[in-house]
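**Q** The following block contains the structure, expressed as structure tokens.
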Amino acid sequence: METLYNGLYSLTAEVSEDKFKSYDELKKKFLRVIGGGTSDTSSFTAESVASTPETQVSESTADDIPLVESGDVEEDNTMSYFSKLAEA
């Protein structure tokens with residue numbers, strides 16, 4: 001264990017302040033990526049993101065789901081393959 005411990009090197013060079021972007025830079029990039037688009041990030045909070053309306057996804061009903069035709073040979077082969085696996 002002593003040999004391993006003596007073989008370790010310091011990671012302070014890898015985690016120094018100059019290796020990371022500032023909070024403001026990261027916040028601006030985050031807002032740009034999520035579609036905030038504004039450069040004014042002073043009013044940005046976790047609560048404001050949580051309360052932002054997202055794109056509404058409509059709930060599908062049974063009528064909206066396309067039916068698979070029974071003549072679909074590839075799907076039948078796949079299902080029979082998995083049913084054989086389940087039986088084994």
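**Q** Where the second residue is assigned to a helix (DSSP H, G or I) and surrounded by 10 or more Cβ atoms within 10 Å (Cβ to Cβ) and the first is at positive phi and lies in the range 1-30, which pairs have Cβ atoms under 9 Å and are six or more apart or on separate chains?
**A** none
**Q** Right, next: Just to confirm my filter: which helices (runs of 4 or more DSSP H) fall fully inside the chain and include at least 1 residues that are modelled with pLDDT under 90 and among the aliphatic types (A, V, I, L, M)? Even if it seems obvious, please write down each step before you answer.
**A** On the way: elements: 2-7, 23-34, 46-51, 73-87.
Here the list reads 46-51, 73-87.
The values are calculated or read from the model by the stated rules, or taken from the named source; none is laboratory data. This one's a predicted model, so the numbers in the text were calculated from it and none came from an experiment. Glycine gets a Cβ as well: all are built from the backbone with ideal geometry, and neighbour counts include every protein chain shown.
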